[in-house]
Amino acid sequence: MRFIIEHLSKHFEKKKVLCDIDFTFESGKIYGLLGRNGAGKTTLFNCLNRDMKADGGEFCLEMDGQRRSVAAEDIGYVLSTPTVPEFLTGREFLKFFIDIHEDKIQDIQGLDTYFDYIGISREDRDKLLKDYSHGMKNKMQMLVNIIARPNVLLLDEPLTSLDVVVAEEMKQLLRGLKEGRIIIFSTHIMDLALDLCDEIVLLNHGVLERVDKSNLNSQEFKEKILSALA
Amino acid sequence: MNKTFKIAFSLKNTYRVNTILYSLKQIPLIKRILPQELYCDPDLKIFANILSGIWEFIKAFLGKFLYFLLMITLEVSLYRTEAQSAVFLHIFVLLTLIGAWLNTYIFNPTKDKYYGLILLGMDAKEYALTTYAYEMLKILAGYLIFGLLFGRMHGLAVWQCLMLPFAAAGVKMTVVAYSLWDYERTKVAVNENEVGVIGWILIALALAAAYGLPVTGWEIPERASVCVLACWILLGALSVRKIWRFQEYREVYRQILTRHMVQMDEARQSVKRQSEKVIQIDGEVGSSRKGFEYLNEIFIRRHQKILWKSSKRIAGICLGIVCIVVMGIHFLPEWKEIVNHFVLRNLPYFVFIMYFVNRGTGFTNVLFMNCDHSLLTYSFYKRPECILRLFKIRLREIMKVNLLPAAVIGAGLALLLYLSGGTKEPLDYVVLVISILCISMFFSVHYLTIYYLLQPYNAGTEIKSGTYRVVVTGTYFVCYGVMRMDVPTLVFGMGTVVFCVAYCMIACVLVYKLAPKTFRLRA
Ligand SMILES: Nc1ncnc2c1ncn2[C@@H]1O[C@H](COP(=O)(O)OP(=O)(O)OP(=O)(O)O)[C@@H](O)[C@H]1O
Ligand SMILES: [Mg+2]
């Protein structure tokens, strides 16, 4: 499966944020999206998730050589500021989510299994989500996105608010998930990107470009990225 | 000095110009015409500058004119005493005293001060003195003109009228000088907008004295008022020195402005917190429902208070009013005809009443703040069939919430009609009840529809859509217009039923066609 973006562009007032982006993502890989503050990473994700109308361009999925347009359920999006319905408890949110996706999820397990999997402790499961900490909300958002098994998973600066242990677990989890899907992951932490991602993509001056890692050691690679961004 | 004033003035002007441009951008039709590079278009800038200038002028003169007219002259002429000049001075003295406390200019934290002093680091003392001098000049000019005009109208001597502007400026400066002196002592600068409970009580007392005492036939004797004015002029003259000599404007502003900015931030956050606060924790009753019905049931249960409380309260009040009228009819037979006539002729009034009784905007507001705001970021939630499923469920809920008061009003009217002598046309009863229910349904559908079609909130939960504002305001005026129609109940009732049913059908079709595209988060 491939996720193809063609001629995607977006501007605010006079400022061109995305200029005619052409890029192809391939399944089974984690892409690390790096870019300066204000480069347009969040804007790109918002356009891909159709939260924001792009000025022009298309994106589609190519499966077995057949192109088809992207449906809403193909995309999972974890925002940098976690957003969960505050009036539900963690358990209720999960139940609601699974109810909705009943026919799509293959092996539905007990709710507690999922909580165990993501590491939310027993006493927190029946608390209102408004009383969850930033990191816990982030986990919940991640969890439902993982359960839905979208073909493309967009993660906008996750892991930044997670504690070291959870961040490590989450990395493991993402590695386990990447089979058969595309994970695009924006971050400012270069070491995280280098450690976790199979490909590094830079968003710079409104275009996406892949950074070739071949026969460079990690220090040289870092310098290459830095000089490309500067 | 001159330069500081120029910068300060142009800063204030720029801020205002940008506010004007921003507001222009919010108006749906005008938005289209406006060029993209709004903030640097020279023609528009000039236009906005002119508006800004006019605004400054209006504030200086029209404001004072209205003040004299509405706050003083109007009241003085109400009292019809011989001593008009004394009453005029009485009210003027007390109001000016309040104004001096509430409007010091120096201690008013405004955005342009924040930009100039904190962000641009302008010289605080020069800034304070020049802008303050400008404000005082505006006061002198405004009070001079209108003081003379209105003062002469009420029989003040010219020399008395001439005292007014200087006394007003004097007392303002006295308050400022006192505050500065107080700051030197305590090192705490008091924001003029933080009045406190005692302050408000004093203000209320002063207001009561200003307008209440003349009713009882007592006012400050004219001589005494003139003495007070003279004192203020004197004190003002002395205060100039203090204001001029004071050295710590920088610290004063820093205190007021940073505290103010923190408060503004908190206010912004508290909107979010406020909407979270309305979530009630319940006794964890499980639910047998699934999917969206499950979501809806929990939502309604956790927001019981905010959704149902006012609806129940309104129903209770309406019930009370009906009871009172029923008793009135019983004991005072002459009410009968009035009530009968009212019910049979004035159904249009109830459109307006139903408009106020309706909880539609409150409902959509909570829906967005506590539910859609977050769930709209999930892709499944945006699938057309899900949006429509939930729309149906919500329509049902909002109708239920609004139905309670509507049922009470409808049944109450029918009852009153019956008790007040009834009608020749039995159909009137039916039409009365059904049309009230239809109006209620109409508002429910209306608010939910415009919410789904315009989705006015942005992720920061502010209302961003100008169109939405226009539609909501338009709704008000239409209802107001309808109220003034003079049509018999039967005709009007039939008309509303037809209109409401047609509207609801059209609205639902529109939502089904368009909502999957329009029901999105706004960037
Ligand atoms: N709603 C908006 N209206 C106007 N301009 C916007 C809007 N959203 C983003 N921008 C502009 O688009 C540019 C890209 O913003 P974006 O949030 O996508 O950057 P980012 O790469 O996510 O940055 P960061 O690393 O800081 O999160 C910025 O210059 C920003 O000012
Ligand atoms: Mg971002």
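The values are calculated or read from the model by the stated rules, or taken from the named source; none is laboratory data. For clarity, every value in this text was computed on a predicted model and none was experimentally measured. With ideal geometry, Cβ positions are generated from the backbone for all residues, glycine too; neighbour counts draw on all protein chains shown.
Things to note:
- Of everything listed in (1) surrounded by 20 or more Cβ atoms within 10 Å (Cβ to Cβ); (2) within 16 Å of ligand 1 (Cβ to nearest atom), the single unmet condition for A:M190 is (1).
- Taken together, B:M354, B:M369 contain a single residue that is at pLDDT below 90 and more than 14 Å from chain A (Cβ to nearest Cβ), which is B:M354.
- Residue that is nearest to B:V431 (Cα to Cα), among those in segment B:504-519 that are in contact with a helix residue (DSSP H, G or I) (Cβ under 7 Å, 6 or more places away or on another chain) and surrounded by 17 or more Cβ atoms within 10 Å (Cβ to Cβ): B:C504
- Flag for A:E199 being among the acidic types (D, E) and over 24 Å from A:N37 (Cβ atoms): no
- Just so you know, in segment A:204-230 the residues that are part of a loop (DSSP other than H, G, I, E, B) and not charged (D, E, K, R) include one that is surrounded by the most Cβ atoms within 10 Å (Cβ to Cβ), and it is A:G206.
- Complete set of residues in segment A:50-78 that are at pLDDT 85 or above and within 18 Å of the chain's Cα centre (by Cα): A:F59, A:C60, A:L61, A:V70, A:D74, A:I75, A:G76, A:Y77, A:V78
- Number of the condition not met by A:V201 [criteria: (1) within 16 Å of ligand 2 (Cβ to nearest atom); (2) in a helix (DSSP H, G or I)]: (2)
- Of the residues making up segment A:183-198, those that are touching a residue at least 24 places away in the same chain (Cβ under 8 Å), out of contact with any helix residue (DSSP H, G or I) (no Cβ under 8 Å at 6 or more places or on another chain) and away from ligand 2 (no atom under 16 Å from the Cβ) are A:C197, A:D198.
- Count of residues meeting criterion [within 12 Å of ligand 1 (Cβ to nearest atom) and free of Cβ contacts under 8 Å to residues at least 12 places away in the same chain] in segment A:52-86: 2
- Per-region count, segment A:30-42, residues within 8 Å of ligand 2 (Cβ to nearest atom) and not in a loop (DSSP other than H, G, I, E, B): 2
- The lone exception for A:N138 - which of (1) outside any helix (DSSP H, G or I); (2) within 14 Å of chain B (Cβ to nearest Cβ) it fails: (1)
- The number of residues in segment B:490-523 being away from ligand 1 (no atom under 16 Å from the Cβ) and charged (D, E, K, R) comes to 2.
- The number of residues in segment A:10-36 being without any contact (Cβ under 8 Å) to a residue 24 or more places away in the chain and within 19 Å of A:L155 (Cα to Cα) comes to 1.
- If you check A:G32, A:G38 for being within 20 Å of the chain's Cα centre (by Cα), within 13 Å of ligand 1 (Cβ to nearest atom) and away from every other protein chain (no Cβ under 12 Å), only one passes: A:G38.
- Residues (more than 16 Å from ligand 1 (Cβ to nearest atom), more than 12 Å from every other protein chain (Cβ to nearest Cβ), among the aliphatic types (A, V, I, L, M) and part of a loop (DSSP other than H, G, I, E, B)) located in segment A:143-163: A:L162
- Candidates in segment A:49-75 are the residues that are within 16 Å of ligand 2 (Cβ to nearest atom) and over 13 Å from A:L153 (Cα atoms); of these, the one that is surrounded by the most Cβ atoms within 10 Å (Cβ to Cβ) is A:D51.
- Only residues that are at pLDDT 90 or above and not hydrophobic (A, V, I, L, M, F, W, C) were counted across segment B:410-465, and they come to 9.
- Test: residue in segment A:54-66 that is in contact with a Leu (Cβ under 9 Å, 6 or more places away or on another chain), aromatic (F, W, Y), on the phi < 0 side of the Ramachandran plot and not in a helix (DSSP H, G or I): yes
- Filtering segment A:1-29 to residues that are in a strand (DSSP E or B) and within 14 Å of another protein chain (Cβ to nearest Cβ) leaves A:K10, A:H11, A:F12, A:K15, A:K16, A:V17, A:L18.
- Residues of segment B:379-416 satisfying the condition of being of a type in the set (F, W, Y) and closer than 27 Å to B:I434 by Cβ: B:F391
- Restricting segment A:70-92 to residues that are facing chain B (nearest Cβ under 7 Å) and of a type in the set (D, E) leaves a set whose member that is nearest to A:Y114 (Cα to Cα) is A:E92.
- Flag if B:F477 is in a helix (DSSP H, G or I) and buried (at least 18 other Cβ atoms within 10 Å of the Cβ): no
- Listed by position, the helices (runs of 4 or more DSSP H) enclosed by segment B:312-420 that each have at least 3 residues that are among the polar types (S, T, N, Q) and assigned by TED's automatic domain parsing to the domain that holds B:Y468 are B:360-367.
- Hey, A:N46 within 16 Å of ligand 2 (Cβ to nearest atom) and within 11 Å of another protein chain (Cβ to nearest Cβ) or not: yes
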